[in-house]
Amino acid sequence: MKFGFVSPVDKALFDRTHGAWSQQLAENPANTSSTYYGAGLDYCRRVVSGEKVFADGGGCLCAVVEEGRDTATALLIVSHAKAQSDEPFLKMLDVYVQPNLNLANAEPNYPELAWIAATAIVGCLGLTYKDFPSRQLKVHTAFPLDRDFMVSLMAVFFTQKDWAENYEVNMHGSWLVLDKKVGTNGSHVRAV
């Protein structure tokens, strides 16, 4: 399993993904939430088409795509906030994995979900260095299980020397917060 990060998602990728996910929903009507995916896909469509305008700092729709596939495995909303008193920060919001990875009657594929989450986090951290300059990445964890999953994932990340040296991670309510450490010369660390 190898995944890549796409930012921003273009209309062609979104349209292919929408079609594939709609088919997955139709194949599993009793084990997926068409309401959840319908609202999510509609919001993503509005972002891609430019109907949804982000607040002060902008934002975009990003994707995690499995190598060799032409549809997204996950879609995520990224919002850049320009705080009035502090430095701007990037928020990773509303992560939707393809319906086949979110079936009510199946045990979650935790290794695949971990790779998807890791790809999304690393991709969003990359955005903080170029597209949306920020010192901080905030990852929203909407449910207690999301929170536990992300905390466990970060524990694995921080066994890597580069992560521990360059980033600090904390939980603030339902937000997993990754802060870039500041070097001795006052500059922020490099991307991992």
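At a Förster distance of 25 Å, what's the computed FRET efficiency of residue 39 paired with residue 145, Cβ-Cβ distance as r, to 0.05? All intermediate terms of the calculation are to be shown ahead of the outcome.
Values: r = 20 Å, r/R0 = 0.80.
According to the calculation, E is roughly 0.80.
So, with a 1.4 angstrom probe, what is the percent of accessible area on segment 1-91 that is carbon and sulfur? Kindly include the intermediate steps, with their values, before the conclusion.
Values: 2300 of 4660 Å².
On segment 1-91, the fraction of accessible area on carbon and sulfur atoms equals 49 percent.
At 20 °C and a viscosity of 1.002 mPa s, what translational diffusion coefficient does Stokes-Einstein give for the chain, taking Rh as the Kirkwood radius over Cα pairs? Give it in µm²/s as a whole number.
So the translational diffusion coefficient is about 123 µm²/s.
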Determine, at each q value in 0.16, 0.18, 0.32 (inverse angstroms), the log₁₀ of I(q)/I(0) that the Debye formula gives when each Cα of segment 126-167 is one equal point scatterer.
-0.55, -0.67, -1.00
Would you mind checking the radius of gyration and Dmax of segment 70-152 based on alpha-carbon positions, in Å?
14.1, 47
For segment 1-90, report the % of Cα-Cα distances exceeding 16 Å.
59 percent
If 21, 175, 115 are ordered by their accessible area, calculated over protein heavy atoms with a 1.4 Å probe, which sequence runs from highest to lowest?
115, 175, 21
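The values are calculated or read from the model by the stated rules, or taken from the named source; none is laboratory data. Just so you know, these numbers come straight off a predicted model, no measurement behind them. A quick note on method: Cβ atoms are made from the backbone with ideal geometry, for glycine too, and the neighbour counts reach across all protein chains shown. When the accessible area is computed, the model is the full protein with side chains, heavy atoms only, and any ligands, DNA or RNA have been set aside. Shrake-Rupley method; radii C 1.70, N 1.55, O 1.52, S 1.80 Å.
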